[in-house]
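The values are calculated or read from the model by the stated rules, or taken from the named source; none is laboratory data. If you're wondering where the values come from, they're calculated on a predicted model, not measured in any experiment. Cβ placement follows ideal geometry from the backbone for every residue including glycine, while neighbour counts extend to all protein chains displayed. Accessible surface areas use protein heavy atoms only, side chains included; no ligands, DNA or RNA. Shrake-Rupley method; radii C 1.70, N 1.55, O 1.52, S 1.80 Å.
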Amino acid sequence: VGAGLIAARLVAGAGGGGGGGIDPPTTAGFNTLTETSVNITWGAGGAGTTQYQYRVNGGSWTNTGATQSAALSSLTADTEYLIEIQAGDATPTWSPTVSVQLTTNPASVGTLKAGAMNLLINGQRLYI
């Protein structure tokens, strides 16, 4: 998990468009969390699962085929996201959702660079 992680939790439950007899993915989580990206992973769905799909914050579903992961990018720093995942069979019939809720890392404040400094302290010059 990336440094500066603010919040993350797994939220399991039924979601829209699923529940037709396919078991949802067993686990869901994430790694490599940054200010603008995250890798989402999930375990296998139930018997008959041939494909998976996910969506971010209630947006459009993205099908990953048989792949049990997704790399999300172009996210906004210090923002909460809800990623919902479903397993599906060939029909496709979709499972209830398993969700991951996370907050991206805050934006960097920049880098302090070393340079020459000329200080005057009690009438004395100090060069750093």
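Annotations
- Some residue of the range 109-121 being part of a loop (DSSP other than H, G, I, E, B), modelled with pLDDT of 65 or more and not acidic (Asp, Glu): no
- Condition met for ALA77 (out of contact with any Leu (no Cβ under 9 Å at 6 or more places or on another chain) and either open to solvent by less than 40 Å² (accessible area, probe 1.4 Å) or under 14 Å from PRO24 (Cα atoms) (or both)): yes
- Some residue of the range 46-69 being surrounded by 15 or more Cβ atoms within 10 Å (Cβ to Cβ), farther than 17 Å from VAL98 by Cβ and not hydroxyl-bearing (Ser, Thr, Tyr): no
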